[in-house]
Amino acid sequence: DDGIVPAVDDGELIVVSNRQPYTHSYDHGDGGRSITVNRPAGGLTAGLDPVMQETDGTWIAWGDGEADADVTDDNGTVRMPPESEAYTLKRLWLTDEEVEGYYYGYSNRVLWPLCHGGTMKTDYVERYWQRYQQVNETFADAVVETAGADSLIWFQDYHFTLAPRWVRDSLPDSAFLTHFWHITWPGWDTFRACPQHEQLLEGLLGNDLLGFHVERYCRNFLDCVDEALDDAFIDPEGGRVNYEGHTTVVKAFPMGIDADSIREHAEAADDDFWREFQSSHGIDAETSVIVGVDRLDYTKGIVERLDALERLLETRPEYRGEVCYVQKANESRSLIPDYQDLQTEVQESIDRINERFGTDDWQPVIYINEFIPQRELCGLYRYADVMLVSAVRDGMNLVSKEYVAAQVDDDGVLVLSDQAGAHEELGDRALTINPYDTDAFADTIERALTMDGEERAERMVALRERVESNDLYAWMEGIFDTIDELRAKDADDD
Ligand code: GDG
């Protein structure tokens with residue numbers, strides 16, 4: 001039931017995100033001039049796309065990828081999806097210098113590590129900040145150009161901290177600005193290390209509603225505002241900030257997944273799929289399978305997880321030959337040195353474990369480093385006996401919820417880091433770990449492998465209920481309902 005009809009009138013909704021909902025590329029088999037449109041990849045895009053189609057909105061995003069301005073008109077404006085042309089996609093073309101500074105620089109070498117508590121990994125290069133401002137201005141201009149007096153503008157994530165204030169200053173009060181922050185928000189003692197901390201907060205306070213995954217990030221944000229901005233009035237209970245005459249409501253909306261779709265994919269991946277998967281990766285039919293699925297990112301705790309697995313095999317020889325760990329990790333942000341180092345480190349850990357314990361007919365760790373189709377991913381989730389999520393810090397972590405939704409046989413065990421936002425919802429029925437506590441982590445993996453069927457089912461049924469009821473659509477409804485309430489209240493106040 002994806003029938004969310006938010007209280008948005010036709011043409012009112014404007015979504016702003018770094019990534020495009022659809023990508024365009026040249027079809028090389030055809031003399032290189034015809035265009036192929038690639039479908040939304042899942043997650044947020046898959047959820048918002050039907051809403052955009054229903055309400056004929058505008059999606060504004062960086063026009064990255066192979067395609068450039070000559071694909072459509074010079075403005076980068078195109079109607080999507082191609083067969084029904086139901087809404088407008090406006091792609092903004094950025095120069096290589098802008099991409100380097102705004103995306104690889106300030107977004108991913110400053111804000112990403114900062115917000116995940118990694119101040120030592122931040123890299124304050126002046127040109128990154130300059131270009132981040134410039135690109136935020138480009139996006140703000142595009143929004144203002146598109147928006148009407150009653151527009152509902154929805155910014156996504158840390159790429160756009162500054163744009164909301166500029167948009168707010170250019171549009172009438174009747175336009176509504178909301179922002180969802182997909183990553184963690186750090187405590188003041190971390191955030192104050194950022195030389196631009198005031199501008200970042202002021203930018204975000206241009207929004208009418210600012211959403212985070214969990215309460216703790218909301219509290220951290222309000223605390224940062226309290227410490228950094230003398231003129232801000234804060235109502236911590238009501239989650240409201242008044243700054244320079246404008247009110248921003250700060251609220252937690254834990255994001256969910258499209259649980260129905262994951263379940264359907266998992267059901268479609270049957271025993272034949274699994275036999276094929278096992279044999280193609282040289283996994284013995286009797287071997288217990290442990291799985292990890294991540295973007296290759298230093299926040300995901302992949303190396304810490306491999307350490308715990310190594311500890312398990314080292315201290316409990318009875319598991320050698322009996323378990324196999326499948327690490328699915330796709331390359332990400334690989335132009336950044338910290339990410340290149342991580343790739344090397346992960347590869348070295350895997351090689352070390354395989355060399356140390358592997359035998360002629362058993363490989364302890366299997367590394368899959370290419371993107372796999374949704375059906376295969378859901379099949380892997382379904383048949384894996386144990387899922388390890390060991391993020392050292394993670395806004396939510398959708399993978400943990402996807403694993404649960406794919407457990408159609410209710411027989412898997414989720415091991416979940418208490419540093420992931422998802423732990424707030426799933427922690428009491430998952431097995432909790434601290435990714436840095438290698439011994440306890442190894443103990444917990446053993447506990448997961450030896451848990452009896454009754455306890456596994458009891459825990460998984462409860463987890464599945466939660467993931468299914470707070471799914472992607474419930475999350476969007478929560479946000480749209482809050483917007484509705486706030487708009488109605490504003491109208492009353494006038
Ligand atoms: C950020 C925050 C927050 C991965 N490999 C494949 C594949 N994936 C999909 C997963 C999942 C998604 O990528 C990853 O989502 P996460 O939530 O785990 O992590 P981030 O990318 O870091 O996302 C995070 C999220 O935003 C949402 O707000 O939860 O905390 O960091 O959906 O399934 N999908 C397929 N093949 C793959 O090989 N099909």
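The values are calculated or read from the model by the stated rules, or taken from the named source; none is laboratory data. Quick caveat: nothing in here was measured; it's all calculated off a predicted structure. With ideal geometry, Cβ positions are generated from the backbone for all residues, glycine too; neighbour counts draw on all protein chains shown.
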Next item on the list: Kindly check whether there is at least one residue in the stretch 351-364 that is over 17 Å from the mean Cα position of the chain (by Cα), exposed (fewer than 15 other Cβ atoms within 10 Å of the Cβ), within 30 Å of GLY117 (Cα to Cα) and free of Cβ contacts under 8 Å to residues at least 40 places away in the same chain.
Entry: yes
Notebook entry, point to check: Pairs under 8 Å by beta carbon, first residue on the phi > 0 side of the Ramachandran plot in the stretch 301-318, partner not acidic (Asp, Glu), six or more apart or different chains?
Noted result: GLY301/SER390; GLY301/ALA391; GLY301/VAL392; GLY301/SER417; GLY301/GLN419; GLY301/PRO435
Margin query: Filter the stretch 394-413 down to the residues that are charged (D, E, K, R) and surrounded by fewer than 24 Cβ atoms within 10 Å (Cβ to Cβ) and list them by number.
Written below: ASP409, ASP410, ASP411
Check: Checking HIS179 against (1) more than 20 Å from the chain's Cα centre (by Cα); (2) within 16 Å of the ligand (Cβ to nearest atom), which test does it fail?
Finding: (1)
Notebook entry, point to check: Before we move on, is THR444 away from the ligand (no atom under 16 Å from the Cβ), assigned to a strand (DSSP E or B) and modelled with pLDDT of 95 or more?
Noted result: no
Margin query: Which residue is surrounded by the fewest Cβ atoms within 10 Å (Cβ to Cβ), if the candidates are limited to the stretch 445-465 and must be closer than 21 Å to ALA422 by Cβ and in contact (Cβ under 8 Å) with a residue 60 or more places away in the chain?
Written below: ARG464
Margin query: For the stretch 393-417, give me the residue count where each residue is within 11 Å of the ligand (Cβ to nearest atom) and over 16 Å from VAL467 (Cα atoms).
Written below: 3
Margin query: Name the single residue that is nearest to GLY412 (Cα to Cα) among those in the stretch 430-444 being hydroxyl-bearing (Ser, Thr, Tyr) and buried (at least 17 other Cβ atoms within 10 Å of the Cβ).
Written below: THR444
Margin query: When the residues of the stretch 243-278 are narrowed to those that are assigned to a helix (DSSP H, G or I) and of a type in the set (A, V, I, L, M), which ends up farthest from ASP484 (Cα to Cα)?
Written below: ALA268
Next item on the list: Go through the stretch 332-344 and give me each residue that's surrounded by 14 or more Cβ atoms within 10 Å (Cβ to Cβ) and of a type in the set (Asp, Glu).
Entry: ASP338
Notebook entry, point to check: Only one residue in ASP270, ASP258, ASP231, ASP235 is buried (at least 18 other Cβ atoms within 10 Å of the Cβ) and either of a type outside the set (A, V, I, L, M, F, W, C) or farther than 24 Å from ILE368 by Cβ (or both), so which one is that?
Noted result: ASP258
Checklist line | the stretch 275-301, residues that are of a type in the set (A, V, I, L, M) and either more than 12 Å from the ligand (Cβ to nearest atom) or over 29 Å from the mean Cα position of the chain (by Cα) (or both) | finding: ILE283, ALA285, VAL289, ILE290
Checklist line | Sole exception among (1) among the acidic types (Asp, Glu); (2) touching a Phe, Trp or Tyr at 6+ places or on another chain (Cβ under 7 Å); (3) more than 28 Å from GLU425 (Cα to Cα) for GLU202, by number | finding: (2)
Margin query: Residues that are buried (at least 19 other Cβ atoms within 10 Å of the Cβ) and among the acidic types (Asp, Glu): does the stretch 177-194 have at least one?
Written below: no
Next item on the list: State whether the residues of the stretch 418-430 include one that is more than 16 Å from the ligand (Cβ to nearest atom) and not polar (S, T, N, Q).
Entry: yes
Notebook entry, point to check: Somewhere in the stretch 373-392, is a residue surrounded by 18 or more Cβ atoms within 10 Å (Cβ to Cβ), within 14 Å of the ligand (Cβ to nearest atom) and charged (D, E, K, R)?
Noted result: yes
Checklist line | Exclusive hit being within 25 Å of the chain's Cα centre (by Cα) and under 30 Å from THR146 (Cα atoms), set GLY256, GLY187 | finding: GLY256
